[in-house]
Amino acid sequence: MKLFPGATPFQRWMMGATFVIVAVYSIAQNKESIVEASQTRLTSPNPRIIDGDTVDFTNGRVRIVGIDAPDDDLPLLKKLSSDALRRLALRDGGMDCSVSMFDYALRHENQCRTNPKSYGRLNLACRFPANKASVGATMVAQGYAVDYRVYSGGAYVDLMREAAAQRAGLWGVDYEGMRQLAVRQAQVPEGCSVGTIKK
């Protein structure tokens, strides 16, 4: 059976050549996406901790999705949060990060943004290899980060409230600083209507 009945051998040859050229061009144009897709699982027994929600691996920088830890505006809290994540990673076998690990079952509402990258970092969910615990949930439950609604869909709100009530981690050091961070990161994302967010 001929692929293109009625076409001359020259026409079939031209169509085949065109297909090959288009395929090669398409692969070349998508090379960056293909490379990035291959890097969506990053693992290390000893990742470099940048701060309480950012980690460096040999093949990329990861922003732990769904949480926000204190930044440069709260230098003491930033250091304590970074130290806590470093200790947890050392104790629990490093980190394993991937686009497929997020705790979807914990979500209370839809996410409104799912950007794969921010500021050159891959937005990935991470687990500790030794116990398979969610890094995001652990950091929030221990009081070293807050729920970041735009990316979490409210997944860690209950853990955050409990940590705040118990003055766990950073909540016991600077309650007001953590409260303000939590309020900022709890806002309905720009461009999301209230109807988009499931209460």
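Yes or no, residue by residue, for (1) more than 24 Å from residue 172 (Cβ to Cβ); (2) surrounded by fewer than 19 Cβ atoms within 10 Å (Cβ to Cβ); (3) at pLDDT 90 or above; (4) of a type outside the set (Asp, Glu):
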| position | (1), (2), (3), (4) |
| --- | --- |
| 28 | yes, yes, no, yes |
| 31 | yes, yes, no, yes |
| 37 | yes, yes, no, yes |
| 40 | yes, yes, no, yes |
| 43 | yes, yes, yes, yes |
| 64 | no, no, yes, yes |
| 75 | no, yes, yes, yes |
| 79 | no, yes, yes, yes |
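Scanning the stretch 134-183 for residues that are part of a helix (DSSP H, G or I), in contact (Cβ under 8 Å) with a residue 24 or more places away in the chain and β-branched (Val, Ile, Thr) yields 135, 138, 140, 150, 157.
Of all the criteria given as (1) closer than 30 Å to residue 175 by Cβ; (2) at pLDDT below 95; (3) hydroxyl-bearing (Ser, Thr, Tyr), the one not satisfied by residue 54 is (2).
Sub-6 Å Cβ pairs linking a first residue in the stretch 115-131 that is small (Gly, Ala, Ser) to a second residue that is assigned to a loop (DSSP other than H, G, I, E, B) and at pLDDT 95 or above, at least 6 apart or interchain, are 130/92; 130/93, ordered by first then second residue.
In the stretch 125-155, how many residues are basic (Lys, Arg) and touching a helix residue (DSSP H, G or I) at 6+ places or on another chain (Cβ under 9 Å)? First the steps, then the outcome.
The initial filter retains those residues of the stretch 125-155 that are basic (Lys, Arg), namely 127, 132, 149.
In the following step, the residues that additionally are touching a helix residue (DSSP H, G or I) at 6+ places or on another chain (Cβ under 9 Å) were identified as 127, 149.
Counting residues in the stretch 125-155 that are basic (Lys, Arg) and touching a helix residue (DSSP H, G or I) at 6+ places or on another chain (Cβ under 9 Å) gives 2.
Going residue by residue through the stretch 61-82, is there one that turns out to be outside any loop (DSSP other than H, G, I, E, B), acidic (Asp, Glu) and in contact with a Pro (Cβ under 8 Å, 6 or more places away or on another chain)? The answer is no; no qualifying residue exists.
The values are calculated or read from the model by the stated rules, or taken from the named source; none is laboratory data. Quick caveat, the model's predicted, so the values are computed rather than measured. Cβ sites come from the backbone with ideal geometry, for glycine too, and all protein chains shown count toward neighbours.
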